[in-house]
Amino acid sequence: MSLYPSADFLTSAANSRQFPADTGTEVAFAGRSNAGKSSAINAILARRGLARSSKTPGRTRLLNFFQLTEGRRIVDLPGYGYATASAAERATWAPMIDGLASRESLRGLFVVIDSRRGVMEGDWGLLEWAEAAQLPVHVLLSKSDKLKRAEARQALKAAETALRGRAVVQLFSVEDGTGLEQARAALDTWLAAPANG
């Protein structure tokens, strides 16, 4: 079980010059606003309140880096798919995310997608970004506890069909623990990859 008791906030970055040194290994988390990304990070790490969750869409405006152990990090990306940020602010995100893709330490990307909504336009843009960066993707179909069992199976099948060859897909729920160990195992595998630097 991947419980990182020493996990702590490392830094926030508004541009790639503010990123930590490109050494060790890191895994990024992304998702549409209010898909449950921050809650997923906290649950996977078993660290309540590490990543701040909010009912206000788009709370995460910067790239937030967290150090789990020496040389092992996660990156919390800004939520996408909302209109409360200014156009100028949203325009700064593309180069920031592109800067992340060029990091040798980046090993994988978790994409958190609300299981009730399925894969949407903004998700496809992120998946194309990951594909161009040759980055493996693990999709968490969050809030699966909100669906009936048959609906959850249907949501999983639809996402697996849509994303075949582009991502590993699983059901996930912070509330009842669905898929928690599977997500932790994926994170452990990526973080255990040979480190750089």
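The values are calculated or read from the model by the stated rules, or taken from the named source; none is laboratory data. Treat the numbers as computed from the prediction; the structure is a model and nothing was measured. Every residue, glycine among them, receives a Cβ derived from its backbone with ideal geometry; neighbour counts consider all protein chains shown.
Out of the stretch 155-197, which residues are closer than 21 Å to Arg107 by Cα and among the charged types (D, E, K, R)?
Selection gives Arg164, Arg166, Glu181, Arg184, Asp188.
Per-residue answers, yes or no, for (1) in contact with a Phe, Trp or Tyr (Cβ under 8 Å, 6 or more places away or on another chain); (2) modelled with pLDDT under 95; (3) surrounded by fewer than 21 Cβ atoms within 10 Å (Cβ to Cβ):
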{"residue": "Ser16", "(1), (2), (3)": "no, yes, yes"}
{"residue": "Ala40", "(1), (2), (3)": "yes, no, no"}
{"residue": "Ser54", "(1), (2), (3)": "no, yes, yes"}
{"residue": "Pro57", "(1), (2), (3)": "yes, yes, yes"}
{"residue": "Val75", "(1), (2), (3)": "yes, no, no"}
{"residue": "Thr84", "(1), (2), (3)": "no, yes, yes"}
{"residue": "Glu89", "(1), (2), (3)": "no, yes, yes"}
{"residue": "Phe110", "(1), (2), (3)": "yes, no, no"}
{"residue": "Ile113", "(1), (2), (3)": "no, no, no"}
